[in-house]
Structures are given as structure tokens and as C-alpha cells.
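Data block below; observations after.
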Amino acid sequence: MPSAQGFGQLTPEDLSSPFNVTSFIIRQALANVRTVQLVSVKSSTSNGQIAPPGTVNVQPLVNMLDGQGNSQSHGTVYNIPIWRFGSGLGQIIADPQAGDIGIIAVIDRDISSVKNTNGQQSNPSSLRQFSLSDGVYLGTLFGKAPKQYIVFTSTGISIVDINNNSFGSGPAGWAMSGNVTLGSAAKPIVFTVNGVPMTIP
């Protein structure tokens with residue numbers, strides 16, 4: 001191989017001065033530091049269940065390159081915890097599905113012990129650092145328009161479900177569209193108006 005092409009990630013310019021040699025070593029070390037990765041969801045253990053957040057298997061979308069520009073795809077990364085917006089006993093559940101495009105944040109140390117103990121403080125199981133295996137799925141970036149959603153606008157809030165039922169607010173007040181069922185014989189609805197209970201059977 002001609003020396004003008006360099007070797008691996010090393011170029012002839014990287015050997016042209018002590019500064020360039022040091023700069024190359026630093027760049028190679030920083031290349032092992034992962035921050036976030038763009039991924040495609042291959043499968044998910046959570047599908048909107050009222051349960052603790054599950055995990056996803058993901059495929060990183062940006063391929064690896066060698067020093068000659070040859071590409072190599074990453075393999076599937078398994079058992080990545082899902083992040084949900086929530087605190088205490090409250091959560092918003094909108095779990096990822098296969099085909100979603102999102103990002104994972106890569107924790108800087110081995111978190112497998114914490115995952116295996118359901119969030120308990122633990123020692124790292126190994127000395128690995130910045131591994132994709134220690135990622136956390138943060139949510140969706142690209143994809144199709146949603147079929148159900150909550151929208152906050154300058155005039156109010158709109159909630160629409162996959163059946164086209166909607167509930168929203170505006171300057172005139174709240175509006176509801178779609179089929180509505182209030183209570184049942186076994187569980188009636190009780191409103192309190194000016195301190196007086198009113199039951200709708």
C-alpha cells in the first residue's frame with residue numbers, strides 16, 4: 001500500500017510533526033468516547049402496559065468506517081432501558097415500537113448491575129467505558145406523523161386518540177368530539193356542583 005495513503009486512521013500528515021502525532025493520539029482516544037447514538041428500534045418489551053419501563057433492542061444507524069473508508073454496520077444492541085417522562089408514581093407512557101428512529105445516551109460506565117437490580121446502587125460489573133451496551137433509549141427523533149397525540153399550542157391543549165376521539169381547549173372553553181360513555185349502573189359518575197353532589201347513572 002502506498003505510504004501516501006497512510007495506514008488505518010493514520011495519514012502522512014499525522015507523522016509530519018510532534019504536534020500532529022500528539023493530536024492523532026488524542027483524536028484516537030476521543031473516538032472511543034461515546035455520547036449519543038442515532039438508532040432504529042428493532043423490538044420492544046414495552047407496548048403501553050401499566051408496568052415499569054421495559055427495554056428495546058436497537059440498531060445504530062451510523063456505520064463505522066476504517067482508515068480506507070470501508071463501512072461496517074454495527075450489530076444489534078440488546079436490552080437498552082427505555083426512558084419515560086415521570087416522577088414518583090406518575091408517568092407518561094408512550095413506549096417505542098419496532099421501526100421507531102430515536103437516540104440512546106451512552107452512560108460512561110458499566111450499568112448492568114444497576115439494571116439487574118432494578119435501579120439499586122451497585123458497583124460496575126466490569127471496567128468497560130462508553131459502551132453501547134450501557135445506553136438508555138431517550139425517545140423518537142424521526143418518523144411518521146402520529147396517530148394519537150397531545151399538543152400544547154398558543155391557544156390551548158388538544159388530545160386526540162387513534163380512534164379520532166378528541167378533547168381540547170380554546171378561548172371558548174373545552175370541547176369534546178367522539179363517543180363518550182359516562183359511568184355505569186355499577187359505577188356511576190358523581191359531580192359536585194357548588195358543594196352539592198350530583199349523580200349521573
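Every number in this text was worked out from the coordinates using simple rules, so none of it is lab data. Note that this is a predicted model, so its numbers are computed, not measured. When we count neighbours, we look across all protein chains shown, and the Cβ atoms used for this are built from the backbone with ideal geometry, even at glycine.
Tabulated values for the structure
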read-out: Simple spin-label estimate for residue 47 and residue 33 in nanometres, 7 Å along Cα-Cβ; value: 4.2 nm
read-out: C-alpha long axis of helix 18-30 to longest principal axis of the chain, angle in °; value: 30 degrees
read-out: Directionally averaged projected area (convex hull, Cα atoms, the range 97-163), nm²; value: 7.4 nm²
read-out: Prolate/oblate/rounded label for the range 149-200 (Cα gyration tensor, a/c 1.5); value: oblate
read-out: Rg over Rh, two decimals, the range 1-105 (C-alpha only, Kirkwood Rh); value: 1.19
read-out: By average C-beta atoms within 10 angstrom, highest first, the peptides 102-110, 80-88; value: 102-110, 80-88
read-out: Overall form of the chain per C-alpha gyration tensor (a/c, 1.5; a/b vs b/c); value: prolate
read-out: Long-range amide H partners of residue 95 with built H, under 5 Å; value: 48
read-out: Cα centroid separation, the range 136-169 to the range 39-109 (Å); value: 21 Å
read-out: Nitroxide proxy distance, nm - points 7 Å out along Cα→Cβ at residue 97 and residue 180; value: 2.8 nm
